[in-house]
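Here is the structure we will look at, set down as structure tokens.
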Amino acid sequence: MGSSLSRSVADLSSGDPAEREAAARTISAAACKPANREVIVEVGALAPLVELLGSGSPGAQEAAAEALANLASQTPSNAKAMVAAGSIPPLINLLGSGTDGAKAEAARALTNISCHSPSKRQAIASAGGIAPLVELLGGRTGTAEHAKAVPAAAALANLAGEASIAQQIADAGAISPLTVLLGRGSSAPAQEQAVAALALLVLHHPPLGQAIVSAGGIPALVALLSSPCPEVARDATWLLCSLAAEHPPCRRVITAAGALQPLVAVLLGAASPAVQSAAAGALANLLGEHITAGQAEVAAAGIPALVDLLESDSPAAQERAAAALANLAAASVACQQAIGESGSVPPLVALLASEHSPAVQEQAARALCNLSCRNPASLQAIAAAGGIPPLLDLLASEHPSVVNVAAGALAHLACDPANRQEIAAAGGIQLLLHLLGCGSAGVQAEAAEALRLCAGDPATRPAITAAGGIAPLVALLGSKSTTLTQAQAAWAVYHLAAGQPSNQHAIVAAGGLPLLQQLQCASPDADVRAAAAAALQHLRAFVEREADSCRSPDAASQLSVQQSSSAY
């Protein structure tokens, strides 16, 4: 090849127009073989090829761009040499002024140059390469021939790998034509490059996802989930995961487009754990409050794979799988039962441990909370798997959302007598009482519910009084608490007052009488009024005895007012 290559290099500079074009095509053909690429550069072909981009005939320009594209393919040293030889500006000029073939080859050359390093991507962007590449996509209508659109999309996908360039690409109007290329009328290569570019744009700037939604890209992305090309299905899965996470209004659109079934198929069939993780994330965000029982049944086919992901090495996969299971458990009783029977409880309990991130702990606790809601089998399974101690540990978390779901899970678990005793024996009463004074209304309500259940159990009631629980429960009766919390606290006080003179005395001493009276007379909530009336009924005999012995005339007066003013 040596002598013929040398002649071709010489003809690039000194031959007539036809000879220069022929020489460029000879070099381009030789550069198709990886073994020849560095040799071609070593014999001095770059400089005349770059010169030909601007001074050659239209055919020679196309051949020179093609040769440079081949020389840069998977050869970083050549790409570096091309940048040093000044190839980027004339390649960018060719995007706008060359023949269709020259434009396509120039875009391919820029693609191969830009895949090797961030500095080369910045060089292309700084030289004004973004706008003409977007133009090759077909403007805003997507009507450009795919021969030009595919390499342009590929180049933009490489450039979008840099966060600083991604916004420039969006500002140049790339999202609409890239979205058009996702459609069924596009070739598989066009779809592959377009979805890759869009995925990277949204990765660096999530708000850009709204433009994809506005451009009508959701149905096309859902269709690409079933693409025979693994890379296309992967990027479509990731992009839908991101859109569902960052743009809640589009979740209904994605679900209505039929995304659940192909996402489950990706979850079950993807060879890559990262792709499974993205599918789990998309499902987690789609299985929200708007989901129907039928849609939940479709998604339930993915439960085995979600349970497997709980034991993944990836925290993101663990978090997403636990979140998907949590939402499925809340969607229907059938899903709740299927998850409980899938062996999910032990790995979910394992994710509560301190070595896991708060985000993973939160979703695992939320899944256990939803599994245990009105489900006796899960109540026992979670306790048997050792779930109560780590849930109690989470009550001390620095993250309010973690505390909230852990308290909710414990409130559900406290529906079982054996669980109540384990919670008390493990010091859970003190932890729950501490939460009554925190600023979160949700945490207060969950803690009050758990304490109400423990107060109603003779086996665990003494633990509340021993921990000084009467005063904080009485304090919750005040107007600053939510009606739900007031109801739980009032029922807890009712149970504590039942046949317990010492508890009755503590309730009165803590100011419980006027608070209960106020709730009975003025609360808008029927359950609160009923709980307050029941608690006051328990306190009547105590107050009357105290009045008779003249030890508490004020209390007797308070009760008299309560009895005369009660209208419920």
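The values are calculated or read from the model by the stated rules, or taken from the named source; none is laboratory data. Because the structure is predicted, anything quoted here is derived from the model rather than measured. Glycine also receives a Cβ, built like all others from the backbone with ideal geometry; neighbour counts cover every protein chain displayed. Accessible surface is based on the protein model in full, side chains and every heavy atom, while ligands, DNA and RNA are left aside. Shrake-Rupley method; radii C 1.70, N 1.55, O 1.52, S 1.80 Å.
Considering only L95, G128, A334, the residue lying farthest towards the positive end of the dipole of the chain is A334, judged by Cα position with unit charges set on Cβ.
Shown here: the range 427-510, whose C-alpha atoms stretch 31, 26, 16 Å along the first, second and third principal axes, sorted largest to smallest. Here the dipole of the chain is about 480 debye; that uses its Cα centre as origin and unit charges on the Cβ of Lys and Arg (positive) and Asp and Glu (negative). Derived from the Cα gyration tensor, the three semi-axes of the equivalent ellipsoid of the range 162-243 are 19, 12, 12 Å, largest first. With only Cα atoms counted, the range 87-213 has Rg and Dmax values of 12.8, 37 Å. The range 23-62 and the range 462-496 have Cα centres lying 84 Å from one another.
What the range 269-407 shows is 39 Å² of accessible area per residue, with the surface traced by a 1.4 Å probe over protein heavy atoms.
Averaging the Cα positions of each part gives two centres, and for the range 163-193 and the range 365-405 these lie 44 Å apart.
Taking Kirkwood radius over Cα pairs in Å as the quantity of interest, determine which of (1) 25.9; (2) 28.1; (3) 24.7 was computed from the displayed structure. This structure yields the entry labelled (2). Considering only alpha-carbon pairs that sit under 8 angstrom and 6 or more positions apart, the relative contact order computed for the range 338-411 is 35 percent.
Which value, in Å to one decimal place, does the Kirkwood hydrodynamic radius take for the range 416-473 when every pair of different Cα atoms is included?
Working: mean 1/r = 0.0901 Å⁻¹.
For the range 416-473, the Kirkwood estimate is 11.1 Å.
Counting other Cβ atoms within 10 Å of each Cβ, which trypsin sites (Lys or Arg not before Pro) in the range 453-545 have at most 15 and sit in a DSSP loop?
On the way: sites: K480, R529, R540, R545; in loops: K480.
Sparse-neighbourhood loop trypsin sites (Lys or Arg not before Pro): K480.
If R0 is 22 Å, the Cβ-Cβ spacing of S126 and H205 corresponds to a FRET efficiency of close to 0.70.
L200 sits among other residues whose Cβ lies under 14 Å from its own Cβ, and their net charge, with Lys and Arg +1 and Asp and Glu -1, is -2. Positive end of the dipole of the chain (Cβ unit charges, origin at the Cα centre): among S4, P230, A530, the Cα lying farthest that way belongs to A530. With the convex hull drawn over the C-alpha atoms of the range 270-341, the volume per residue is 72 Å³.
Take the Cβ-Cβ distance between A85 and S187 as r, set R0 to 35 Å, and report the resulting FRET efficiency rounded to the nearest 0.05. About 0.60, to the nearest 0.05. Can you compute the label reach from A18? Point 7 Å from Cα along the Cβ direction, backbone N cut-off under 19 Å, restricted to the range 54-79. Only 56-64 fall inside the zone, counting backbone N under 19 Å.
Can you give the extra length, in nm with one decimal, that the chain gains between E341 and A466 once fully stretched, where that is 0.36 nm per residue apart less the Cα-Cα distance?
Roughly 41.1 nm would be gained on extension.
Using heavy atoms of the protein chains and a probe of 1.4 Å, the accessible area assigned to D235 is about 20 Å². Here the Debye sum runs over all C-alpha atoms of the range 252-399 as equal scatterers in vacuum, and log10 of I(q)/I(0) at q = 0.14 Å⁻¹ comes out as -0.59.
With bins 10 Å wide beginning at 0, the percent of Cα pairs of the range 320-448 falling in each bin runs 14, 50, 32, 4.
Using R0 = 25 Å, the C-beta based FRET efficiency linking S357 and A274 works out to 0.90. For the range 298-368, GluC sites (Glu not before Pro) are listed when DSSP marks them as loop and at most 12 other Cβ atoms sit within 10 Å of their Cβ; the list is E355. Relative to the longest principal axis of the Cα atoms of the chain, the long axis of helix 188-204 makes an angle of roughly 50 degrees.
Subtracting the Cα-Cα distance of H434 and K480 from 0.36 nm times their residue separation leaves 14.8 nm of extension gain. When you filter the GluC sites (Glu not before Pro) in the range 234-309 for DSSP loop state and at most 14 other Cβ atoms inside 10 Å of their Cβ, you are left with E289. Accessible surface for C32 stands near 80 Å², nearest 10, in the context of the full protein assembly shown (1.4 Å probe).
Give the carbon-plus-sulfur fraction of the accessible surface of the chain in %, rounded to a whole number; probe 1.4 Å, heavy atoms of protein chains only. Write down the numbers at each step before the final one.
Working: 12130 of 22410 Å².
Answer for the chain is 54 percent, counting heavy atoms of protein chains only.
Over the range 391-540, Cα pairs under 8 Å with separation of 6+ residues give a relative contact order of 19 percent.
Take each peptide in 95-108, 499-512, count the other Cβ atoms within 10 Å of every residue, and average; sorted highest first, the result is 95-108, 499-512.
How high is the relative contact order of the range 331-378, in percent, counting Cα pairs under 8 Å that sit 6 or more residues apart?
Numbers: 25 pairs, mean separation 18.2, N = 48.
Relative contact order, the range 331-378: 38 percent.
Percent of Cα pairs in the range 312-387 per distance bin of 10 Å, from zero to the largest separation: 22, 57, 21, 0.
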